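First comes the structure, then the notes that go with it.
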Amino acid sequence: MPFAVGTISARVAAAPDESDLIRAAQAGDQDAFERLVRAYDQSVLRIAMNLLRSPDEARDVYQEAFLKVFRNLHSFRFDCSFHTWLYRIVTNICLDHLRRRKVRKEESTVVETVDGPMDRIGQVPERSPHSDPERCLWNTRLAGKINGALEALTPRERTVFELRHYEGLRLRAIGDMLGTTEEAAKNCLFRATQKMRMNLEAFV
Amino acid sequence: MSCEETIQEIPLYCYGEVTAEAEENVEAHLAGCEKCRLELARYRVFLQALDARPQIAEAGLLAGCRAQLRVELARDTDGRAHRSPFRAWAETLREFSRMHIPFRVPVGAMALLALGFFGARFTPEQFGGLGASVAGPMFSTVRSIESDATGNVQIAVDEVRRHMVSGKPRDPRVQELLLSAAREESNPGLRVESIGMLQNNSDSQAVRSALLDAVTKDPNAGVRLKALEGLKSFAGEETVRRTLASTLLHDEDPRVRMQAIDLLTAHRDDALVGVLQNAVQKEDNDYVRARCRRLLAEMKASLGTF
């Protein structure tokens, strides 16, 4: 789960004076607001990007989420952590995008090529010059399959799976973000892993 | 605990999301069951394989998002500052609407008269036809100070004011400002925003030139991607195709090259063979290389030059 460390370190780094920052931002201090954004925006963009696999949509989610935070920060009452509040906003916007996409039946980011299924968005060079080309090709195909399998999940299952598997968040926190119980998030993760495994059976 | 129950628990057990009691039960069962241990090992391989999904490069995207957010926040703050008198007025109106109807009619007529009178005096003359408002001076610099015989002081002040210009993106004045913002070197967020607005009017020659310029010269990949989007419907034109071919061969960002090859492949063009062969040789992005190879195969051309 490669992303978990980054998320946790961002949170720990932001923790000591976070409530002071929030209060200052609530009082209209732009600099404090910008520091709050900087503490979380990398993980917000990463979640949006991983969930939506589209830089344009991730950019929209980023803007919409932080503008919502800016406009509604005055109503934040410290009932939950700022992190949970922010992620709730982000995941809800991402869920809306995923649902709209299901309705529009948008073109998949995974395309069939002569080398097998490939994810248009994930194709950023990550090979080292000494890596085995066959292994690289296999990984590329597997990555395409994984993204295909993720796209087959329902928006809710996909969100829970991304947040648990790739972001390393606990199911209790995910339940809080999605406005549901830990038990419901657990069932969702279970269904998602079952479907993923079924879809990737030939590969792993 | 039975084998079936253990296998049901394995996914959540691997994520450390079962209760302490369930964890003990699973481990007790695993200690004595070879078949379930094998299933657990297989499940762990599956979870590990899921990490083969590549991370998405986001450095350029993050910088673009931050810059754009700054612009949006400034606009939002300005909007609030401008909205507040309107809100106050709207609230007064709401109060007024609660009054009794016979009293509302003459007061309403007076209000309309006043609106016409003051509206005529305060409509800004700049940007003929477009809605515009002039804020107070943002920056001012005193250039010279002189006193005259009467004891008055004359101060020459240079002032920079912020004007809010609004109108349809097709309005010539708005388009001119968007074209100027698209060249704003210090602010990539503004360039992304303006290119995004301009891309819907790419039938204008000036806009198309600005988009082509942005594709070839803008240092920010987000801006180049936005500009490419705007050129989508002109991907069949020769100038645009030449720019796309050069982008495919020379742009350093794989996302931009992916967009370029997608646009190039939308129109079959045998003159592309050389470019595609070059790209296959030097391209290190799997998706772009695969698209080039496929296109060459469709054109019945060889993969390399001899």
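The values are calculated or read from the model by the stated rules, or taken from the named source; none is laboratory data. Computed from a predicted structure; not experimentally measured. Positions of Cβ are generated from backbone atoms using ideal geometry, with glycine treated the same way; all protein chains shown enter the neighbour counts.
Observations
- B:D158 being surrounded by fewer than 18 Cβ atoms within 10 Å (Cβ to Cβ) and out of contact with any helix residue (DSSP H, G or I) (no Cβ under 9 Å at 6 or more places or on another chain): yes
- Filter result (assigned to a helix (DSSP H, G or I) and among the aromatic types (F, W, Y)) within the stretch B:1-24: B:Y13
- Where helices (runs of 4 or more DSSP H) fall wholly inside the stretch A:1-112, the ranges with 3 or more residues that are buried (at least 18 other Cβ atoms within 10 Å of the Cβ), at the interface with chain B (Cβ under 10 Å from one of its Cβ atoms) and modelled with pLDDT of 90 or more are A:30-52, A:55-72.
- When the criteria are applied in full, B:L295 meets the requirement of being within 13 Å of chain A (Cβ to nearest Cβ) and touching a helix residue (DSSP H, G or I) at 6+ places or on another chain (Cβ under 7 Å).
- Scanning the stretch B:247-257 for residues that are in contact with a helix residue (DSSP H, G or I) (Cβ under 7 Å, 6 or more places away or on another chain) and within 18 Å of B:G274 (Cα to Cα), we see that the one that is surrounded by the fewest Cβ atoms within 10 Å (Cβ to Cβ) is B:L249.
- Any hit, the stretch A:144-163, residues being at the interface with chain B (Cβ under 8 Å from one of its Cβ atoms), outside any loop (DSSP other than H, G, I, E, B), within 21 Å of A:I89 (Cα to Cα) and out of contact with any strand residue (DSSP E or B) (no Cβ under 8 Å at 6 or more places or on another chain): no
- Residue within the stretch B:248-265 that is in contact (Cβ under 8 Å) with a residue 12 or more places away in the chain and more than 19 Å from B:A221 (Cα to Cα) present: yes
- Applying the condition of being surrounded by fewer than 20 Cβ atoms within 10 Å (Cβ to Cβ) and of a type in the set (A, V, I, L, M) to the stretch B:259-274 and asking which residue is farthest from the other protein chains (Cβ to nearest Cβ) yields B:A271.
- Among the residues of the stretch B:8-27, those identified as among the charged types (D, E, K, R) and either within 11 Å of chain A (Cβ to nearest Cβ) or under 39 Å from the mean Cα position of the chain (by Cα) (or both) are B:E9, B:E17.
- Restricting the stretch A:127-152 to residues that are among the aliphatic types (A, V, I, L, M) and farther than 21 Å from A:L45 by Cα, the residue that is modelled with the lowest pLDDT is A:L137.
- Test for B:L40: is it at pLDDT 90 or above, in contact with a helix residue (DSSP H, G or I) (Cβ under 9 Å, 6 or more places away or on another chain) and farther than 30 Å from A:L189 by Cβ: no
- Within the stretch A:178-185, at least one residue is crowded, with 18+ Cβ neighbours inside 10 Å, at pLDDT 85 or above and closer than 16 Å to B:L12 by Cα.
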